[in-house]
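Participant: This is the structure, below, for whatever I ask next.
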Amino acid sequence: MQKRKGLRKRFPIDLNLALLLLIIFPLINCDKDPSSDTEKLISYLAKPSLAMYGDSIVASWPVQEQLSDFNTIKFAFPGVDTNRILSSVQNDQNRYNACLYEGGINDFLENYFPTQSQVDATVNRQIQSIQILLTRCEHVVALNLWNIKFPWPTLAVAMITAEMKERITFVPRIDTELLIQDDMLTDGNHPNKDGYYLLSKAVREQLQPLLPILYLNK
């Protein structure tokens, strides 16, 4: 019984459903090589799950191409602020091998002179979201914000990043301003493909030592 519980924690998918899929998947694809389809399904189930919470940065992330060693699911939409991201975190009750949190810029759109209390409130919501994720994700990674360009809220982003570095030290945090350069931004904020490649590489480097299955899936 203990072994079954361990398997359930490892794969956030109902084991009975997984076994059913293994049985019927070759049958509904009888015109194909059944062994090939079964191998693909087993490979899919063996990948660790990665839930990603955020705004348009996460929504536009080419995960199928750049994070293909994970089964990824996104809870991210353009324009959402940290209140909406927190709601997504609270409403999702599933468990995952890993989770990623990103967000904060949209709290300050067209606000070029933020107060410290406003920044504090944003970081408080970030921390609240991450603390919830820690209760159902085996591992959590946070992205801080990189240097952006006007007309995006540059001062707010600089203040948020500084406070994240000071207060979000209880989970691995990727210092994205050390990775994303000006020529990697499409509009002064969103990364291009090269920028996302560096972010994806940093995420894998954070999670690979924590998830040995990633080594086996190479």
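The values are calculated or read from the model by the stated rules, or taken from the named source; none is laboratory data. Just so we're clear, the structure is a prediction, and the values are computed from it rather than from any experiment. Every residue, glycine among them, receives a Cβ derived from its backbone with ideal geometry; neighbour counts consider all protein chains shown. All accessible areas refer to the heavy atoms of the entire protein, side chains included, with ligands and DNA or RNA removed. Shrake-Rupley method; radii C 1.70, N 1.55, O 1.52, S 1.80 Å.
Participant: Choose one of Pro153, Cys99, Ser129: the residue whose Cα lies farthest towards the positive end of the charge dipole of segment 95-153 (beta-carbon charges +1 Lys, Arg; -1 Asp, Glu; about the Cα centre).
Facilitator: So the residue we want is Cys99.
Participant: Mark the label point 7 Å from the Cα of Ala162 along Cα→Cβ and return the residues of segment 100-129 whose backbone N is within less than 14 Å of it.
Facilitator: Output list for this probe position: 113-120.
Participant: Using only the Cα atoms of segment 51-215, what are the Rg and Dmax in Å?
Facilitator: Spelled out, the Cα radius of gyration and Dmax of segment 51-215 are 14.8, 46 Å.
Participant: Taking segment 133-216 as the region of interest, what is the percent of Cα-Cα pairs per 10 angstrom bin, listed from the shortest bin to the one with the maximum distance?
Facilitator: 17, 41, 32, 9, 0
Participant: Nearest 20 debye, what's the magnitude of the dipole of segment 51-215 about its Cα centre given +1 on Lys and Arg Cβ and -1 on Asp and Glu Cβ? Walk me through the numbers before you get to the answer.
Facilitator: Details: 12 positive and 19 negative charges, 91 e Å.
Here the size comes out at about 440 debye.
Participant: Using a 1.4 angstrom probe, figure out how much accessible area segment 51-215 has per residue, in square angstrom, rounded to the nearest whole. Don't skip to the end; give the middle numbers.
Facilitator: Working: 7310 Å² over 165 residues.
Ligands and nucleic acids excluded, the figure is 44 Å² per residue.
Participant: Another question, then. Apply the Karplus curve 6.51 cos²θ - 1.76 cosθ + 1.60, θ = phi - 60°, to the phi angles in segment 71-88 and return the couplings in whole Hz, x for Gly and Pro.
Facilitator: Taking θ as phi minus 60°, the curve returns 8, 9, 9, 9, 10, 7, 9, x, x, 7, 9, 5, 5, 5, 5, 4, 4, 4 Hz for segment 71-88.
Participant: Taking a label point 7 Å from the Cα of Thr135 along the Cα→Cβ vector, which residues of segment 64-94 have an amide N closer than 11 Å to it?
Facilitator: Answer for this model: 90-91, 93.
Participant: Given contacts defined as C-alpha pairs under 8 Å and at least six residues apart, what's the relative contact order of segment 144-218, whole-number percent?
Facilitator: Details: 62 pairs, mean separation 21.8, N = 75.
For segment 144-218, the relative contact order is 29 percent.
Participant: How much space per residue, in cubic angstrom, does the convex hull of the C-alpha atoms of segment 112-151 take up?
Facilitator: Taking the convex hull of the Cα positions in segment 112-151, it is 75 Å³ per residue.
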